[in-house]
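Notes follow the structure.
What follows draws every value from the coordinates through simple rules; no lab data is involved. The shown structure was predicted, so the numbers you read here are calculated from the model rather than taken from an experiment. Cβ atoms come from the backbone with ideal geometry, glycine included; neighbour counts cover every protein chain shown.
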Amino acid sequence: MQTTTVLLIVIAALVSFALAWYQYIFRKKRSKLLFALAALRFCFLFSLCLLLIAPQFKKLTTYEEKSNLVIAVDNSSSLQTVNGEKDATDALFALLESEALQEKFVVRPYTFASSLEASDSLDFTAVKTDISAGLDGINEIYRGTNTAVVLVTDGNQTLGRDYEYIGLDDKLRIYPLVVGDTTRYEDIRISKINANKYAFLDNQFPIEIAVSYAGERTVRSNLRVSMDGQQLFNEAISLSTNENSVIRSPLLKANKVGLKNIRVSLEPISGEKNTLNNSRTIAVEVIDEKTNISIVSAIKHPDIGMLKKSIESNEQRSVRIIAPNATSKILQETDVFLLYQPTVAFQNIYDFVQSKGVSTFTITGSQTDWNFLNKAQSSVIKEDLGQTEELFATQNEGFSFFDTNDFKVDGYPPLLGGLGDLIITKPFETLLYQKIKGIALNDPLLAVIEDAGSKSAFLFGENSWKWRVETYRNQKNFKNFDDTMDKLIRFLSDAQPKSRLDISYESVYEGAGNALINASYFDKAYVFDPNAKLALRLNNAAANFKREIPMLLSGTSYKADLSDLQAGDYTFTVVVEGENISKSGRFKILDFDLEKQLLSSNYLKLERLAKAQNGSIFYPSQKETLVETLLNDNRFIPIQKSTQNVVSLIDFRWLLGLTVLFAAVEWFIRKYNGLI
């Protein structure tokens, strides 16, 4: 407390005493009643002065901060063995029921498969294992805190980044507890097959096959490739300890339109225990058409290369970058024009577009000539103020031209666009709105126009390459951005009028775990209808299988989860109850389970992870040793911490109550004794 404050309190006490003495004692006949009233008056005046002075005190609070103990258990089907399930379950409950650990740590149980979940319930049914996602989630939650992580897993990952190299916080100590079979078996396997989803009729297409071997001798096998039951490739291969992998890239001929089953197989070697990974089936769809997109630009910009890469992520799209003075032959071969920051040099392009009615996707920015663009087309008119601004994007949840339920732009970097009033003269829908300096505007940032069969789209800002980078940063892949770009291009290239029912699905699913069908339904005004009842009718003729599944509303689309289906070829129809509207399709679920490809636990990789994070590796028989290690590790001793708060006396409400009480008691006594 400061000296000035102490001096004020002393003065307040003296003044309060003097006033009470003067009123009740000075020049009066003294009695016990007057002394009592004087004391009450003093207390009242002094407490009132204290409230006015409001002195401050330092309040010290101490508390104990425990280290975190995270128990993360692999909940995938690769642990569905007698030893795997039992060892993982026993390890989890042994750690959770340890009173000594509960006293030393804040214990948090988690499970992981394709993602991290706060749970202690195990069923070992997940069809994918992403250890990196589990560690990433723990790293984000407990970043900067002293945390021990007991990772109960077999170490085999079937999805995501390599967990050995993801880069974790230094304060995160990893203690893998290896479950499953740690015996190393001799094994030859097809480790990976790379192939495009689509091939074009009468063309040859490659598939890349990676074969690997784990063992200590030289082995020989035959690699065979067949399509729809007909063998197209056969080669003898030899592998050894030193040369333990080979890659082959046979060329196959696409001679018929449709979905083609391609089976790759290896002859088992003598004594091989796991033969499930000796064969693998993929599917390639042979099509006889391809959409040609021309990106027209007179400038160099990172957006152009990004757009080509994003659009061509769908093998059905072919993109070329051309100058505004491209030849008539090139223009004739184009199905959709992507016009990047048009200037007067684009006059030839706009003349061709208007004469042929070709769809366009126009992207404007700091180098767009709006005086020319306002005259060259009749869909958009914009005032050009000659000033640029950062334009953030906000979602329009009511967009109905195609499904954008999975496309989110929250937190995306701004685009660079021009200021000025914007008028769209034709029927349109806004996919993204503009937001400038935190203020949401009604002006579109990305608008899609459909009028009398003609289609076009406008993005009023450059630097969309940053959005694709942001998508990768958030999701570790470009899929979300590329899928939305693909839907936009598909809408522009489709000459058919807009349908009230749109469906979205994959032709091939590698295992039922990924099987999902999306549908969007719109009313007669083409507004998304959240009250409709959609049903999915499935049929597998070969298995004599039929099922009807109600589709559930999720955001701005309806979904049907097909993860419980068996492998096979399926046809389906999505129907709208009460309407004569339906759409059909077909897909194939491949008989492939990544979790069954490996029999042995990858303890060597887990050991390297533990060493990198200053931890140790353990096995199910060492559960007690693991507990003792955690209890005896001085890095996890609870820390006593204190906080010092400066508290003003005016914050103590009881003092105000006492002040009122002193005044009330004094008044009551005076009135009772007839002194008022």
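Taking K and R as +1 and D and E as -1, what net charge do the other residues with C-beta under 15 Å from the C-beta of Asp443 add up to?
Charge balance near Asp443 sits at -3.
For region 501-594, what does the alpha-carbon gyration tensor say about shape, rounded, prolate or oblate, given a ≥ b ≥ c as the root eigenvalues, a/c under 1.5 as rounded, and a/b over b/c as prolate?
prolate
Among the listed pairs Lys290/Lys426; Lys487/Lys583; Lys524/Lys588, which are separated by more than 23 Å between their Cα atoms?
Lys290/Lys426; Lys524/Lys588
Taking a ≥ b ≥ c as the square roots of the eigenvalues of the Cα gyration tensor of region 45-95, is the shape rounded (a/c under 1.5), prolate (a/b larger than b/c) or oblate?
In terms of gyration-tensor shape, prolate.
With a ≥ b ≥ c the root eigenvalues of the C-alpha gyration tensor of the chain, is it rounded (a/c under 1.5), prolate (a/b larger than b/c) or oblate?
Oblate, since a/c reaches 1.5 and b/c is not below a/b.
Starting from 0.36 nm per residue, how many nanometres of slack lie between Glu548 and Lys671 once their C-alpha separation is accounted for?
35.5 nm
For an R0 of 25 angstrom, estimate the FRET efficiency from the Cβ-Cβ distance between Asp351 and Ser313 and round to the nearest 0.05.
Step by step, r from the Cβ atoms, then E = 0.20.
What do you get for trypsin sites (Lys or Arg not before Pro) in region 380-439 restricted to DSSP loop and a cutoff of at most 11 other Cβ within 10 Å of the site's Cβ?
Taking region 380-439 and a limit of 11 other Cβ atoms within 10 Å, the loop trypsin sites (Lys or Arg not before Pro) found are Lys437.
What is the sum of charges, Lys and Arg at +1 and Asp and Glu at -1, for the other residues whose Cβ falls under 13 Å from the Cβ of Leu92?
Once all neighbours under 13 Å are counted, the net charge is -4.
Quote to one decimal, in nm, the extra length available between Ile25 and Ile423 on full extension: 0.36 nm per residue of separation minus the C-alpha distance between them.
Full extension of this stretch gives 134.5 nm more.
So which aspartates and glutamates can Lys104 reach, going by Cα to Cα under 17 Å and dropping same-chain residues fewer than 8 places off?
Answer for Lys104, where 17 Å is the Cα cut-off: Glu64, Glu65, Glu624, Glu628, Asp633, listed by chain and number.
Antiparallel as a % of all DSSP beta bridges within the chain, to the nearest 5?
70 percent
Roughly how many nanometres apart are two label points built 7 Å out from the Cα toward the Cβ at Leu658 and Asn292?
About 9.3 nm, to one decimal.
Run down the lysines and flag those whose C-alpha is under 24 Å from the C-alpha of Lys605, throwing out any fewer than 8 positions away in its chain.
Reachable lysines: Lys86, Lys128, Lys171, Lys192, Lys273, Lys476, Lys596, Lys623.
What pairs from Lys356/Lys455; Lys309/Lys559; Lys197/Lys466 go past 20 Å between their alpha carbons?
Table pairs above 20 Å Cα-Cα are Lys309/Lys559; Lys197/Lys466.
I want to check the label-to-label distance for Val106 and Ile247. Put each point 7 Å from Cα in the C-beta direction and report it in nm to one decimal.
With each label placed 7 Å out from Cα toward Cβ, I get 4.7 nm.
Any chance you could check the Cα centroid distance between region 128-143 and region 537-609 for me, in angstrom?
Measuring centre to centre over Cα atoms gives 26 Å.
How about region 384-492: which GluC sites (Glu not before Pro) there are in a DSSP loop, with at most 13 other Cβ atoms within 10 Å of their Cβ?
Passing sites in region 384-492 are Glu397.
Give a quick list of GluC sites (Glu not before Pro) in region 167-242 that DSSP marks as loop, anything other than H, G, I, E or B, with at most 16 other Cβ atoms within 10 Å.
Qualifying residues, ordered by number: Glu186, Glu216.
Among 595-607, 160-172, how do they line up from the highest to the lowest mean number of other beta-carbon atoms within 10 Å?
The densest-packed peptide leads the list: 595-607, 160-172.
Could you tell me the distance between the Cα centroids of region 198-216 and region 427-472, to the nearest Å?
Result: 40 Å between the Cα centres.
Tally Lys and Arg at +1 and Asp and Glu at -1 over the other residues with C-beta under 15 Å from the C-beta of Phe44: what net charge comes out?
+1
Pull up the DSSP beta bridges for region 187-287 and report the antiparallel fraction as a percent, rounded to 5.
Here the antiparallel bridges make up roughly 90 percent for region 187-287.
Under 24 Å between alpha carbons, and skipping anything fewer than 8 positions from Lys671 in its own chain: which lysines qualify?
Excluding near neighbours in sequence, the set is Lys28, Lys29, Lys32.
Based on DSSP H assignment, which helices of the chain show an axial Cα extent of at least 15 Å together with a mean Kyte-Doolittle hydropathy greater than or equal to -1.0?
Both cut-offs are met by 3-24, 32-53, 82-96, 131-141, 479-493, 653-672.
Given R₀ = 51 Å, FRET efficiency for Gln475-Thr62 by Cβ-Cβ distance, to 0.05?
With R0 = 51 Å, the Cβ-Cβ based efficiency is 0.70.
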